[in-house]
Amino acid sequence: MRTMKLTAVTNWINSAELSLPIKRIWFLLGFVSILLPALVTLADCSKSSVHAASDQPSALTVKAVSTPPPEDGQWVMPAKDYASTRYSQLTDINASNAKDLKLAWTFSTGTLHGHEAAPLIVGDTMYLTTPYPNVLYALDLTKGGTVKWAYKPNPSASAQGEACCDVVNRGAAYSNGRVFFNTLDGNAIAVDAATGKEIWKTKITDLNRGETITMAPLVVKDRVLVGDSGGEMGIRGKLSGLDVNTGKIVWQAFTCGPDSEVLIGPNFKPFYPSERGKDLGVTTWPKDLWKIGGGSVWGWISYDPELDLIYYGTSNPGPWNPEVRPGDNKWTASIFARRPETGEAIWAYQYSPHDNYDYDAVNENILVDLKIHGQTRKTILHPDRDGRMYVLDRTTGEVLSANTFAYTTTTTGVDLKTGRPMEVASLAPGYGRTVRGICPAAPGGKDWQPSAYSYKTGLLYIPHNNLCQEEEGIQVNYVSGTPYVGAIVKMYPAPGGHRGEYTAWDPVAGKKAWQIDERFPVWSGTVVGAGNVAFYGTMDGYFKAVDATNGNPLWKFKVGSGIIGQAVIYKGPDNKEYVAVYSGVGGWAGAIVPGDIDPRDGTSALGFVNAMTDLPQYTTAGGTLYVFTLP
């Protein structure tokens with residue numbers, strides 16, 4: 001191993017509560033293989049600003065024809081419902097009184113890494129998962145959040161060295177008296193919701209191959225659905241279906257490989273001809289590279305009970321340097337529709353064939369029925385990393401529209417006849433050349449942070465990024481369990497100087513209704529209620545409420561650390577409405593803070609540090625749940 005500058009590595013290690021394993025050092029070395037110390041001058045966005053689209057209609061017309069499931073005041077799965085709307089029908093907190101919100105209680109996790117999870121609320125109990133060491137807490141809502149029990153899974157410490165983008169956990173799911181969640185070291189676990197007693201524990205991934213788990217599971221029928229992480233480690237991604245009662249792995253659907261292992265059979269009928277053909281998960285790759293081609297499943301899963309289909313996206317191909325892997329690299333950066341009980345693939349669509357920019361397709365798929373051109377369509381709303389808002393027919397996979405919601409230079413559109421993006425060839429990175437003006441950057445117009453859809457306004461609320469990057473492809477060799485990236489990246493603000501946006505999108509008109517600019521990427525999830533209030537958090541530590549109709553600010557509260565968690569709305573045992581959110585900055589966007597990374601090393605955290613040099617001036621590390629209600 002050649003001599004390298006170790007400042008960022010040393011700072012990260014010194015900041016940890018425990019010494020991190022040696023593989024963490026290898027991973028950070030992969031990020032800083034060539035160091036070009038630099039500081040970016042970032043435009044000052046001292047306060048957020050809201051502006052409407054220039055052609056915004058004077059009055060919004062709700063065009064959704066589907067309706068939400070009955071409201072029970074609980075939050076039993078990561079996205080509130082199978083349609084992934086993150087929409088609450090509770091109305092006690094509304095646009096008129098949100099200004100009166102007060103802090104009800106807090107809970108500290110004692111962990112100082114990125115807190116990205118959503119709480120679950122089941123009856124009079126709240127369930128919380130933490131970042132590594134992945135403790136599952138049950139809190140008594142009748143007693144101000146006191147601890148009922150805590151389940152400590154004691155994951156392997158070496159998992160910290162394999163996690164690409166902080167040791168986060170995105171939450172749990174509840175079903176039939178049990179809580180299901182995953183650990184960083186690759187275990188899926190079922191726990192008795194009343195007692196915290198372990199029911200079963202199943203190993204899903206292999207740390208020696210760089211495989212971890214950060215995603216929240218979903219329970220559909222008698223299957224627990226669990227994906228994996230490790231797209232930057234040369235893994236072979238997959239989704240697993242476990243028996244809900246025993247934890248036995250019933251099926252596994254790989255992202256890449258022969259049809260028999262991707263679970264593609266005679267019922268697989270993609271809409272576009274380019275998605276048809278035998279063993280495309282092999283033939284669209286150079287020889288055997290599909291075996292280390294990435295395509296992890298670390299994002300969100302939705303389910304349509306009427307069609308009996310689950311929908312989820314796959315991550316980037318590996319390595320990042322696209323010249324290593326000519327071809328479409330199926331089925332990375334794609335969406336699959338599958339049968340939940342068997343995993344059988346029904347259709348698929350690849351958003352980014354031969355992905356050049358780490359445009360994972362793992363973002364949320366929101367299921368709503370919309371009237372488009374006078375016809376009711378069963379649709380998927382998918383804000384992709386490529387900066388485009390895809391509206392797909394969820395019965396067939398047809399792309400109905402794909403307009404930009406974020407600043408975009410890498411594509412000029414999507415050909416709706418072929419489904420293929422129209423790429424700008426001059427912006428493709430490769431060996432020995434640094435390409436500038438790549439927008440969106442690798443975290444995309446939007447990364448994992450989930451949107452929310454309001455049945456009342458007909459708008460989708462999108463927390464997202466405003467970033468560009470420069471990238472150079474470099475030589476990379478695959479070594480199991482170590483980084484497999486092959487790129488030098490530095491990110492910076494996109495036009496406007498602000499690095500984040502909170503956008504309300506009209507999916508039928510295919511345009512923004514209004515937008516709020518934020519200093520940093522809006523890395524938190526959002527939630528919207530029937531009282532016409534939308535909530536989101538900022539990385540500089542503000543929890544905000546805005547009018548869901550026009551974006552006007554209603555209220556904000558300064559918390560102890562930047563917010564990258566997912567807000568939820570629920571009804572407490574006292575019949576009052578509450579809103580809750582984690583604070584605790586970190587994740588890929590905030591790695592500079594808990595990692596104590598030297599801001600002069602702009603290539604650290606795969607180039608994200610270059611865009612976040614000033615974040616430590618606005619927040620420190622933390623880990624606290626905040627719960628608010630009206631007086």
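The values are calculated or read from the model by the stated rules, or taken from the named source; none is laboratory data. No experiment lies behind these values; they were computed from the predicted model shown. Methodologically, a virtual Cβ is constructed for each residue, glycine included, from the backbone with ideal geometry; neighbour enumeration extends over all protein chains shown. Just so you know, the surface numbers come from the protein's heavy atoms only, side chains and all, with ligands and any DNA or RNA stripped out. Shrake-Rupley method; radii C 1.70, N 1.55, O 1.52, S 1.80 Å.
General remarks:
- Within segment 271-290, the set of residues being of a type outside the set (Ser, Thr, Tyr), under 17 Å from Val399 (Cα atoms) and touching a Gly at 6+ places or on another chain (Cβ under 6 Å) comprises Phe271 only.
- Hits in segment 321-340 (condition: touching a residue at least 60 places away in the same chain (Cβ under 8 Å) and open to solvent by 10 Å² or more (accessible area, probe 1.4 Å)): Glu323, Val324
One line per residue, one yes/no per condition, for (1) over 21 Å from Tyr127 (Cβ atoms); (2) β-branched (Val, Ile, Thr):
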| site | (1), (2) |
| --- | --- |
| Asn176 | no, no |
| Ala194 | no, no |
| Val220 | no, yes |
| Leu242 | no, no |
| Ile249 | yes, yes |
| Thr283 | yes, yes |
| Leu289 | yes, no |
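- Matching residues, segment 252-264, being part of a helix (DSSP H, G or I) and open to solvent by 40 Å² or more (accessible area, probe 1.4 Å): Ser260, Glu261
- Per-region count, segment 156-179, residues out of contact with any helix residue (DSSP H, G or I) (no Cβ under 8 Å at 6 or more places or on another chain) and open to solvent by 10 Å² or more (accessible area, probe 1.4 Å): 7
- Segment 181-221 holds strands (runs of 3 or more DSSP E) entirely within its bounds, and those carrying 1 or more residues that are open to solvent by 10 Å² or more (accessible area, probe 1.4 Å) and without any contact (Cβ under 8 Å) to a residue 24 or more places away in the chain map to 187-192, 198-203.
- Long-range neighbours under 6 Å by Cβ, at least six apart or interchain, first residue closer than 19 Å to Cys165 by Cβ within segment 467-493, second of a type in the set (S, T, N, Q) and in a strand (DSSP E or B): Val489/Gln469; Met491/Gln469
- Scanning segment 490-508 for residues that are at pLDDT 95 or above, under 25 Å from Lys371 (Cα atoms) and either touching a helix residue (DSSP H, G or I) at 6+ places or on another chain (Cβ under 9 Å) or assigned to a loop (DSSP other than H, G, I, E, B) (or both) yields a single hit, Pro507.
- Residue tally, condition closer than 20 Å to Trp505 by Cβ and open to solvent by less than 10 Å² (accessible area, probe 1.4 Å), over segment 532-572: 12
- Segment 97-115 residues that are in a loop (DSSP other than H, G, I, E, B) and crowded, with 17+ Cβ neighbours inside 10 Å, paired with ones that are among the aromatic types (Phe, Trp, Tyr) and at pLDDT 95 or above (beta carbon under 8 Å, 6 or more apart): Leu101/Trp555; Leu101/Phe557; Leu101/Phe628; Thr109/Tyr137; Thr111/Tyr132; His113/Tyr132; His115/Tyr582
- Subset of segment 76-122 (residues that are touching a strand residue (DSSP E or B) at 6+ places or on another chain (Cβ under 7 Å) and small (Gly, Ala, Ser)): Ala83, Ser84, Ser88, Ala95, Ala98, Ala104, Ser108, Ala117, Ala118
- Verdict on Asp517 being of a type in the set (Asp, Glu) and in a strand (DSSP E or B): yes
- Condition check for Ser315: touching a residue at least 40 places away in the same chain (Cβ under 8 Å), under 25 Å from the mean Cα position of the chain (by Cα), closer than 25 Å to Thr434 by Cα and outside any helix (DSSP H, G or I): yes
- For segment 78-116, filtered to residues that are in contact with a Pro (Cβ under 8 Å, 6 or more places away or on another chain) and hydrophobic (A, V, I, L, M, F, W, C), the residue that is farthest from Ser302 (Cα to Cα) is Leu112.
- Whenever a residue of segment 583-594 is at positive phi, its partners that are aromatic (Phe, Trp, Tyr) and open to solvent by less than 10 Å² (accessible area, probe 1.4 Å), lying with C-beta atoms within less than 7 angstrom and at least six residues away or across chains, give the pairs Gly587/Trp523.
- Any hit, segment 462-480, residues being crowded, with 21+ Cβ neighbours inside 10 Å, in contact with a Ser or Thr (Cβ under 7 Å, 6 or more places away or on another chain) and among the hydrophobic types (A, V, I, L, M, F, W, C): yes
- Residue count for segment 349-378, restricted to those that are crowded, with 24+ Cβ neighbours inside 10 Å and within 24 Å of Trp320 (Cα to Cα): 14
- Answer residue from segment 265-311, given it is aromatic (Phe, Trp, Tyr) and open to solvent by 20 Å² or more (accessible area, probe 1.4 Å) and is farthest from Gln252 (Cα to Cα) among those: Phe271
- Residue identified as part of a loop (DSSP other than H, G, I, E, B), at pLDDT below 95, among the polar types (S, T, N, Q) and open to solvent by less than 30 Å² (accessible area, probe 1.4 Å) among Ser84, Ser66, Ser46: Ser66
- Just one of the listed residues (Ile121, Ile93) is among the β-branched types (Val, Ile, Thr), farther than 30 Å from Gly230 by Cβ, open to solvent by less than 10 Å² (accessible area, probe 1.4 Å) and outside any loop (DSSP other than H, G, I, E, B), namely Ile121.
- From the list Pro131, Pro153, the lone residue that is surrounded by 23 or more Cβ atoms within 10 Å (Cβ to Cβ), touching a Ser or Thr at 6+ places or on another chain (Cβ under 7 Å) and part of a loop (DSSP other than H, G, I, E, B) is Pro131.
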